[in-house]
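Chemist: Mind looking over this structure? Questions follow.
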Amino acid sequence: MPPVISIAGLSKTYGTGFAALKNVDLEIRKGEILALLGPNGAGKTTLISIVCGLVRPSAGTVTVDGHDIISAFRATRALIGLVPQELTTDAFETVWATVKLSRGLFGKRRDDGFLEKLLKVLSLWDKKDTRMMHLSGGMKRRVMIAKALSHEPEILFLDEPTAGVDVELRQDMWALVRGLRERGVTIILTTHYIEEAEEMADRIGVINKGELILVQDKAELMASLGKKQLTLLLAEPLAAVPEALSRHKLDLTEDGLSLVYTYETHGERTGITSLLQDVNAASVRFRDLVTDNSSLEEIFVSLVTERA
Amino acid sequence: MNLPAVRAIYLFEMSRTFRTLLQSVVSPVISTSLYFVVFGAAIGSRMTAIDGVDYGAFIVPGLMMLTLLTQSIANASFGIYFPQFTGTIYEILSAPISVVEIVLGYVGAAATKSFVLGLIILLTAAFFVDLRIEHPLVMALFLVLTCVTFSMFGFLIGIWADNFEKLQLVPLLIVTPLAFLGGSFYSIDMLPPLWRTVTLFNPVVYLISGFRWSFYGTSDVDIWVSLGATVGFMFVCAFAIWWIFKTGWRLKP
Ligand SMILES: Nc1ncnc2c1ncn2[C@@H]1O[C@H](COP(=O)(O)OP(=O)(O)OP(=O)(O)O)[C@@H](O)[C@H]1O
Ligand SMILES: [Mg+2]
């Protein structure tokens with residue numbers, strides 16, 4: 001199946017001379033949830049803004065459903081819904097008026113029934129005649145989502161949708177996203193909550209300093225980069241890793257009370273057996289032993305710092 | 001052409017107008033009435049007729065133009081400045097619409113509002129003076145042209161302005177003086193020759209002169225020159241708007 005969004009050689013240098021994106025290639029599959037991770041200022045919003053037509057690319061091409069985003073902008077933009085990172089609202093307008101405007105802007109015929117259903121799903125129906133300035137931050141965020149969905153887009157961009165959102169709304173939001181995906185909507189989201197990407201995404205892309213340093217299936221990523229740690233909690237503190245254990249890659253914690261052994265889960269041999277034999281032989285006594293899976297967060301941090 | 005989008009923008013903007021109906025209609029009506037009381041009744045009674053037109057009636061076209069210019073610019077500039085200021089313009093810029101739909105929606109709404117305002121002022125004027133309109137079709141044409149052209153001009157100012165001061169700057173510093181010096185309250189024939197020549201560089205002169213011709217059949221400059229100058233300015237504004245959206249100036253980094 002051809003990708004629904006195809007980005008090739010995309011670069012952006014802002015008027016200030018700052019290169020926010022450097023030669024990015026990315027293909028987004030129809031119906032997937034792609035999470036873009038990256039530290040502040042990495043270029044996530046810039047990437048999204050170019051696809052949506054808010055920022056002009058400096059080089060490269062983007063096609064959406066086979067159409068070029070510049071020469072065939074009507075075709076591409078009609079397919080896309082965007083929830084921007086910033087909460088921007090028409091303070092004096094009602095929820096209903098803004099949502100209706102959005103639907104019209106994207107060329108859809110008036111359909112009050114659809115908008116009513118949408119507002120109900122987002123628990124906004126009782127607020128429909130409330131002016132935006134009288135809504136709480138979380139409600140405004142819901143209105144932004146309602147606006148993006150008001151024209152029934154096939155592709156949805158969510159730029160940090162859960163920043164500053166309470167647990168309940170966050171869960172509602174993820175339920176909504178799952179529902180959209182079931183209906184075949186492609187979703188691209190950025191987030192700083194790695195557990196969110198871990199839970200929601202099919203694929204994960206990592207952007208750092210304007211470069212897309214990795215795009216991979218989440219499961220594969222976790223498996224291939226996954227490391228496990230075995231921690232031995234010692235009965236008595238050690239001053240240094242004993243000479244007899246030096247062939248194992250061991251770290252001693254500062255308090256001298258734990259030995260940490262890191263190993264690759266996909267390796268043929270984990271080396272645990274020989275380690276434990278050597279520990280015994282060196283008569284290092286331990287009280288307990290713990291193992292840990294590295295989380296996406298650790299993978300992410302190691303990726304980003306590796307290239308810094 | 002994305003007609004639902006034009007409709008959506010137009011209705012959205014018009015509803016803003018209705019919400020602020022009082023400010024948008026009452027204040028121009030009051031200020032126009034004040035002009036009539038002061039210039040028409042108080043001063044006008046001591047003025048001789050100009051070109052056979054009673055002074056009170058003479059100032060009606062100029063007064064209407066004064067209000068139409070300032071109101072068209074104010075409406076249209078605010079209409080586009082505000083979403084830029086709050087950031088909601090992202091939606092317009094990411095929608096499947098071109099500059100044509102954007103202008104039809106925003107400028108159309110601002111021009112409609114000015115047009116209705118023009119009619120209201122005309123009615124108000126009819127209370128104070130004896131009005132006669134010799135060329136009603138030409139009058140309507142001038143009215144529409146002025147509303148559209150200066151709404152476009154206001155739209156440009158709204159995009160150009162990056163703070164509230166600038167938004168006020170052009171109307172206050174340029175448009176109002178030009179309108180006052182453009183023959184709203186006098187015939188430029190009343191000026192000494194040198195000043196008359198200087199005045200001919202003021203574009204508003206052509207507007208007011210042409211508009212007055214549609215009322216009383218007398219004008220300072222030829223009606224065709226007036227019409228041509230107004231249409232010309234409209235095209236300049238249209239081209240400037242097209243250029244802005246093509247290059248993304250002020251709108252897209
Ligand atoms: N209009 C602009 N002009 C100049 N530089 C800009 C502009 N917009 C963004 N930048 C710069 O480009 C870089 C990338 O910004 P971007 O908003 O894409 O980052 P981000 O990954 O979305 O970050 P965050 O996680 O903080 O939202 C930043 O260094 C930012 O300062
Ligand atoms: Mg961002």
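The values are calculated or read from the model by the stated rules, or taken from the named source; none is laboratory data. Since the model is a prediction, treat every value here as computed from it, not as a measurement. With ideal geometry, Cβ positions are generated from the backbone for all residues, glycine too; neighbour counts draw on all protein chains shown.
Chemist: Within segment B:58-115, which residues are within 14 Å of chain A (Cβ to nearest Cβ), within 20 Å of B:PHE164 (Cβ to Cβ) and in contact with a helix residue (DSSP H, G or I) (Cβ under 6 Å, 6 or more places away or on another chain)?
Modeler: Selection gives B:GLY79, B:ILE80, B:TYR81, B:PRO83, B:ILE89, B:TYR106.
Chemist: In addition: Going through segment A:12-29 one residue at a time, which ones are under 25 Å from A:LEU79 (Cα atoms), assigned to a strand (DSSP E or B) and more than 14 Å from chain B (Cβ to nearest Cβ)?
Modeler: Going residue by residue through segment A:12-29, those that are under 25 Å from A:LEU79 (Cα atoms) are A:12, A:21, A:23-29.
Right, trim to assigned to a strand (DSSP E or B) and you get A:12, A:21, A:23-28.
Passing the criteria: A:ASN23, A:VAL24, A:ASP25, A:LEU26, A:GLU27, A:ILE28.
Chemist: Same structure, new question: In segment A:207-225, what count of residues is obtained for those that are surrounded by fewer than 17 Cβ atoms within 10 Å (Cβ to Cβ) and not aliphatic (A, V, I, L, M)?
Modeler: So the answer is 4.
Chemist: Still on this structure, please answer the following. Could you please find all residues in segment A:80-100 being facing chain B (nearest Cβ under 9 Å) and outside any strand (DSSP E or B)?
Modeler: Listed by number, the residues that qualify are A:PRO84, A:GLU86, A:LEU87, A:THR88, A:THR89, A:ASP90, A:ALA91, A:PHE92, A:GLU93, A:ALA97, A:THR98, A:LYS100.
Chemist: Being within 16 Å of ligand 1 (Cβ to nearest atom) and in a loop (DSSP other than H, G, I, E, B) is the filter; apply it to segment A:115-162 and report the residue that is farthest from the other protein chains (Cβ to nearest Cβ). Talk me through it step by step, then tell me what you get.
Modeler: Going residue by residue through segment A:115-162, those that are within 16 Å of ligand 1 (Cβ to nearest atom) are A:141, A:144, A:157-162.
Filter again for in a loop (DSSP other than H, G, I, E, B), leaving A:160-162.
Details: A:GLU160: 15, A:PRO161: 15, A:THR162: 19 Å.
Checking each candidate, the answer is A:THR162.
Chemist: Whether any residue in segment A:65-82 is at pLDDT 95 or above and within 15 Å of ligand 1 (Cβ to nearest atom) is what I want to check.
Modeler: yes
Per-residue answers, yes or no, for (1) in contact with a helix residue (DSSP H, G or I) (Cβ under 6 Å, 6 or more places away or on another chain); (2) within 16 Å of ligand 2 (Cβ to nearest atom):
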| position | (1), (2) |
| --- | --- |
| A:GLY137 | no, no |
| A:LYS140 | no, no |
| A:LYS147 | yes, no |
| A:ALA163 | no, yes |
| A:GLU196 | no, yes |
| A:ILE204 | yes, no |
| A:ILE207 | yes, yes |
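Chemist: Here are some conditions: (1) more than 11 Å from ligand 1 (Cβ to nearest atom); (2) touching a helix residue (DSSP H, G or I) at 6+ places or on another chain (Cβ under 8 Å); (3) not in a helix (DSSP H, G or I). A:PRO3 meets all but one. Which one does it not meet?
Modeler: It fails just one condition, (2).
Chemist: Can you name every residue in segment A:64-88 that is of a type in the set (Val, Ile, Thr) and surrounded by fewer than 21 Cβ atoms within 10 Å (Cβ to Cβ)?
Modeler: A:ILE70, A:THR88
Every residue, every condition in (1) more than 23 Å from B:ASP54 (Cβ to Cβ); (2) more than 14 Å from every other protein chain (Cβ to nearest Cβ); (3) part of a helix (DSSP H, G or I), yes or no:
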| residue | (1), (2), (3) |
| --- | --- |
| B:VAL148 | yes, yes, yes |
| B:ILE159 | yes, yes, yes |
| B:LYS166 | yes, yes, yes |
| B:ILE174 | yes, yes, yes |
| B:TRP195 | yes, yes, yes |
| B:PHE201 | yes, yes, no |
| B:SER209 | no, yes, yes |
| B:PHE215 | no, yes, yes |
| B:ARG250 | yes, no, no |
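Chemist: Another one. Only one residue in A:ARG183, A:ARG203 is of a type in the set (D, E, K, R), within 27 Å of A:VAL304 (Cβ to Cβ), away from ligand 1 (no atom under 16 Å from the Cβ) and away from chain B (no Cβ under 14 Å), so which one is that?
Modeler: That would be A:ARG203, the only listed residue that is of a type in the set (D, E, K, R), within 27 Å of A:VAL304 (Cβ to Cβ), away from ligand 1 (no atom under 16 Å from the Cβ) and away from chain B (no Cβ under 14 Å).
Chemist: To continue, here is another question. For segment B:217-248, enumerate the residues that are part of a helix (DSSP H, G or I) and among the hydroxyl-bearing types (Ser, Thr, Tyr).
Modeler: Answer for segment B:217-248, where residues must be part of a helix (DSSP H, G or I) and among the hydroxyl-bearing types (Ser, Thr, Tyr): B:SER226, B:THR230, B:THR247.
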